[in-house]
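Note sheet for the following structure.
Every number here is computed from the coordinates shown, using simple stated rules; none is lab data. Computed from a predicted model, the values in this text were never measured in an experiment. When we count neighbours, we look across all protein chains shown, and the Cβ atoms used for this are built from the backbone with ideal geometry, even at glycine.
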Amino acid sequence: MSFITVKNVWQQYADQVVLEGLNLNVNEGEFCTLVGASGCGKSTFLRLLLGQETASRGEILLDGQPLAREPDASRGVVFQRYSVFPHLTVLDNVALGLELPRSPLLGRLFGSAKRQAREDAAHLLDKVGLGHALDKYPAQLSGGMQQRLAIAQALIMKPRVLLLDEPFGALDALTRQQMQDELLAIRARAKITTVLVTHDVEEAIFLADRVVVMEPRPGRIKQVVDVALPHPRQRSSFEFHQLREELLHELTNDGHYQPPVREQIRDLPLAFIAC
């Protein structure tokens, strides 16, 4: 049964149509990734899921109910330019989400409730690999550690959906791959429905259960591709490469797609075989 249901969603600003007739179902616990060129409306769609914007037409349902028209605790989000409080420690940055008042009638937490919030934050930070850095400040962390902190901030409220907008775009290639592995591990433990926006086809294939290919001006869903590769996925495998080529073809509209053929090398020189 669909957990996130997107029905004929359009988004328009003045006379500019940004999204046109989006229809999508995301199952509970699924990892769904949106890929597409700049300007195809990926981030706009994510803002609709978050509740930062309201669709011009159509509707979005979360577990059968209309999506709240403003951000709430049911949806956690991590952006490429994550926001942390530089004057707070790692632990305080995460615990703050639990310590802030939930309504104007409630004050900040004190006593045992405050201690419990900090214990919960420390437990989550340990899960994301920051248990050793509770007393450090964000400026003392590497880029990958800061991104783990941002993910912990999003997960502390126990959201039902995790939304990720190019979260690893600012990281170097090695750290990016490490964080992709971390994200899969975190997601497996949290068993949380995840929607990722990226322009990186390889990242989409490595992470997702399904990849949604979007085309621009206006943004439309061109194709939804199931990624049936088992985890852990090998970027160097023939199957991974074949799916990558297929998705790149869909993004570039590069004529009629011909899948690569697995080649067998025969009649190698004896000197090569001996090496």
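Over the chain, what is the relative contact order in whole percent, taking alpha-carbon pairs under 8 Å and six or more residues apart?
Across the chain, relative contact order equals 25 percent.
For region 152-180, list residues with backbone N below 17 Å from a point placed 7 Å from the Cα of PHE85 toward its Cβ?
From region 152-180, the list is 152-157.
State the label only: which of [x] 23.6; [y] 20.5; [z] 22.4 corresponds to Kirkwood radius over Cα pairs in Å computed from the shown model?
Only one listed value fits the structure, namely [y].
For a quick check, take a GNM of the chain with Cα springs below 10 Å and name the residue from ASP120, ASP181, ASP15 with the largest mean-square fluctuation.
ASP15
Tell me what the chain gives for mean residue ellipticity at 222 nm when only DSSP H runs of n ≥ 4 count, each as -39,500 (n - 2.57), the sum divided by the residue total, rounded to 500 deg cm²/dmol.
-10500 deg cm²/dmol
In what order do SER236, SER83, SER2 fall by count of nearby beta-carbon atoms within 10 Å, going from fewest to most?
The order, fewest Cβ neighbours first, is SER236, SER83, SER2.
Using alpha-carbon pairs under 8 Å, 6+ residues apart, how would you state the relative contact order of region 73-219 in percent?
Taking the mean separation of contacting Cα pairs over the length of region 73-219, I get 31 percent.
Among LYS114/LYS136; LYS7/LYS222; LYS127/LYS158; LYS127/LYS191; LYS191/LYS222, which pairs are too far apart, with a Cα-Cα distance over 25 Å?
Checking Cα-Cα distances, LYS191/LYS222 exceed 25 Å.
Using +1 on the beta carbon of Lys and Arg, -1 on that of Asp and Glu, and nothing else charged, what's the dipole of region 75-158 about the Cα centre, debye to 20?
So the magnitude is around 220 debye.
Would you work out which of ILE186, VAL197, VAL213 lies farthest towards the positive end of the dipole of the chain? Charges go on Cβ: Lys and Arg +1, Asp and Glu -1.
Farthest along the dipole direction, towards plus: ILE186.
Hey, what did region 75-158 get for relative contact order, percent, Cα under 8 Å, at least 6 apart?
46 percent
If exposed means no more than 14 neighbouring beta carbons inside 10 Å and the site is in a DSSP loop, what's the longest run of the chain without any exposed trypsin sites (Lys or Arg not before Pro)?
109-190
Taking the Cα centroid of region 170-202 and of region 10-62, what is the distance between the two, rounded to the nearest whole Å?
Region 170-202 and region 10-62 have Cα centres spaced 20 Å from each other.
Return the FRET efficiency for the residue pair ALA139, ALA68: r is the Cβ-Cβ distance, R0 is 30 Å, and the value is rounded to the nearest 0.05.
0.30
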